[in-house]
Amino acid sequence: MPNRARSPDADRSAQLRGLTWRALLRTVTTVVVVGTAYFTLPFTGLDDLSTLFLLVCGSAVVCAVCGWQVWWVLRSPHPMVQAMEGIAATSTVYILGFASLYAVISQVDPEGFTELLTRMGACISV
């Protein structure tokens with residue numbers, strides 16, 4: 001049987017498919033790790049200063065993740081795949097970061113909300 005060379009289009013398609021699967025795997029891993037941390041870490045015993053610290057640290061983490069993802073998109077040979085991964089990672093950190101802040105504020109100051117928020121309720125209200 002003669003050796004058949006693969007066409008450049010087939011090679012490019014296979015490479016893009018592999019990149020997409022790896023990006024999907026990294027995105028799912030990020031969502032699972034951040035989501036697991038959100039639902040398992042304790043948010044009890046916080047006072048006003050701890051709440052402020054949580055807000056500042058959460059905002060810094062969101063800014064750092066966003067900046068890091070922009071840096072990767074600008075340097076990526078496949079910026080569209082990297083951008084989709086960056087949007088998923090940044091939005092996950094943003095939503096769960098502010099949901100944790102809502103949950104803490106609900107515990108510290110119960111009159112601030114109509115009812116005490118659970119972690120899932122805080123996630124929905126963001």
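Computed from the coordinates by the stated procedures, all read-outs in this text should not be read as laboratory data. Just so it is clear, the structure is predicted and the values come from calculations on it, not from any experiment. In this analysis, Cβ positions are derived from the backbone assuming ideal geometry, glycine residues included, and neighbour counts consider all displayed protein chains.
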* Structure fact -> Computed about the Cα centre, the charge dipole of the range 8-125 from +1 Lys/Arg and -1 Asp/Glu charges at the Cβ has a magnitude in debye, to the nearest 20, of 640
* Positive-end residue of F98, Q82, S13, charge dipole of the chain with Cβ unit charges -> S13
* Asked: Among S50, S91, S59, which one moves the most in a GNM of the chain with springs linking Cα atoms closer than 10 Å?
  -> S50
* Which residue, L16, L55, L96, has the most motion in a Gaussian network model of the chain that connects Cα atoms within less than 10 Å? -> L16
* Added length on full extension, which subtracts the Cα-Cα distance from 0.36 nm per residue, T36 to S125 -> 30.2 nm
* Could you give the Stokes-Einstein D for the chain in µm² per second, using the C-alpha Kirkwood radius, 25 °C, 0.890 mPa s? -> 144
* To do: Between R75, R26, R12, find the one with the highest GNM mean-square fluctuation for the chain; connect C-alpha pairs within less than 10 Å.
  => R12
* Asked: How much length is gained if the chain between S13 and I87 is pulled fully straight, taking 0.36 nm per residue apart and subtracting their Cα-Cα distance, in nm to one decimal?
  -> 24.3 nm
* Structure fact -> For the range 109-126, Karplus-derived ³J(HN,Hα) couplings (6.51, -1.76, 1.60; θ = phi - 60°; whole Hz; x for glycine and proline) come out as 10, x, 6, x, 10, 5, 8, 5, 8, 7, 5, 5, x, 5, 5, 6, 6, 6
* To do: For the chain, build the charge dipole from Cβ charges (+1 Lys, Arg; -1 Asp, Glu) around the Cα centre, then report which of I124, G35, L25 sits farthest towards its positive end.
  => L25
* Asked: Tell me, what is the FRET efficiency for T118 and C63 to the nearest 0.05, using R0 = 22 angstrom and their Cβ-Cβ distance as r?
  -> 0.20
* Asked: Hey, what did the range 8-125 get for relative contact order, percent, Cα under 8 Å, at least 6 apart?
  -> 30
